[in-house]
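The structure appears below as structure tokens.
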Amino acid sequence: MNDIERNRRMQELATEYMKEATLAHCNSREGLAHHAIAARAQYELAELAATEEAREQHLHLAYMHHELVEEKKKALQAAAVLKGEDPEASAASQQKDATGAQTESGKPREPDKELMGFDPEKCLIRDVPKVTFDDIIGSESTIAALRKAFRHNEELFKFQKLTKLAPLASKPDHHLMYGPPGTGKSFLCKAIAHEIMTNFPNTEENPNNSAFFNVNSAEICSPYYAVPEKRLNALFELAAKYNHCVICIDEVERLCPDRNASGVELNAVADAVAVVTRLLQLIDGVTGKCNAIILCATNYPWKVDKAMRDRLSSKLLLDLPNEEAKRQFLERNVGIFLGHTQEERSAAIRTLLDMLDHASYRDMDTLAQTIQVTGLHKTIANHPGEYELDVFDPLTPEELQRTMADVLVVYDAAYHARLKDPTRWSAEGEKEATLNIRPRK
């Protein structure tokens, strides 16, 4: 083998190794075979290495993947023993499945290889979340807008003949939820999933009645060319099979960065422009019919591509809670730890509110968790052996003051000012331009 052939072979092996190592980390179920292939590629690279130092590096990586293979086999065998199965057969079947070499049809599992470990089925929420819109404190205008949109789509599904006569009115209303971190965007997504899965339950007669896809942008992004587009295609193809469907995309600014911004970061996407274009085509129904409602969440709406913002016609701001929302949150979650009478609780809540300026729901959730743990430990210590006790000993003002040490409230005035003013959502480095969008009130 001459130098040219050796270099070409080493490049092929390096590419194969990067692909298999990525698949091994992305898909824990099929990691056994991918680690084995990666180890084999490193062993061959070690044989072709030009220097002793490079050979040792390749052997080190090969040994590492080989050890991971052995650990994976032991874990599979232990799990099989707990299930009462044959451990050797279980490990062998997992390895055979992972390679994709044999399927029921005897052909390689090409779709899995193209998607590189991504499975849209795993994005489906199977169990109905227990969170409802009634559990959400504050954000009344946002909840009202979402409920109106879902009721509108429910009526459209019933009046099939009228929707054919008014095709523009029958298009699904897509939403962009934006706001500071910790303001309940993920919590609201659970309530939306509960709403659609209870109003349109899947039955044996109609197993594809409703679906809620919870997708993180990191699951779609990939450094390999054309892989993100294939993952998006697979996601929307599966969503098109359901009558009522919501696709929730978190951190949408990572999947759809502004294509006109100077110095745009690719965010681990091989071709960000192609990915944005493909997603816009899928939303518009250019490549297939999909009536799914698109629900996107972001902390930085100005980083989202303008064309994508235009597709998300409903802009919903989830801001920091006001004083009334904070008071309701504290009364619901820590009221019983602050006093035995309403006057005692109100006085303690007023003390906490003075220390919670610019706090988010996540900050208050951290505070409530600390208060509950402190109150529980205090009551147990003061009443040993009283297992039927159902009243907590109230915390003193000094104890409440100490719990605030676990809450770190971060407030960026410039960030919040830009967040609430959509006219400042222009690309970084460009002149400020007024956009024809306004948050829905």
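What are the trypsin sites (Lys or Arg not before Pro) within the range 356-424 that DSSP puts in a loop, where the Cβ has at most 16 other Cβ atoms within 10 Å? Filter output for the range 356-424: Lys420. Annotation for the range 169-241: chymotrypsin sites (Phe, Trp or Tyr not before Pro) lying in DSSP loop with at most 11 further Cβ atoms inside 10 Å of their Cβ are Tyr225.
Taking a point 7 Å from the Cα of Ala413 along the Cα-to-Cβ direction, none of the residues of the range 314-344 has its backbone N closer than 16 Å to it. Cross-link check: pairs Lys190/Lys378; Lys122/Lys378; Lys148/Lys326; Lys185/Lys306; Lys130/Lys306 evaluated at a Cα-Cα cut-off of 31 Å; pairs beyond the cut-off: Lys190/Lys378; Lys122/Lys378; Lys130/Lys306.
Rounded to the nearest 20 debye, the dipole magnitude of the range 298-420 is 980 debye, with +1 charges on Lys and Arg beta carbons, -1 on Asp and Glu beta carbons, and the Cα centre as origin. Relative to its Kirkwood radius, the Cα radius of gyration of the range 295-351 gives an Rg/Rh of 1.31. About the centre of its Cα atoms, the range 184-343 shows a dipole size close to 280 debye [charges on the beta carbon of Lys, Arg (+1) and Asp, Glu (-1) only; nearest 20 debye]. For the pair the range 182-257 and the range 297-319, the centres of their Cα atoms are 17 angstrom apart.
Quick note: the coordinates plus some simple rules give every number you see, no bench work behind them. In this text, all values refer to a predicted model and were calculated from it rather than measured experimentally. Don't worry about glycine lacking a Cβ; one is built from the backbone with ideal geometry, like all the others, and counts go over all protein chains shown.
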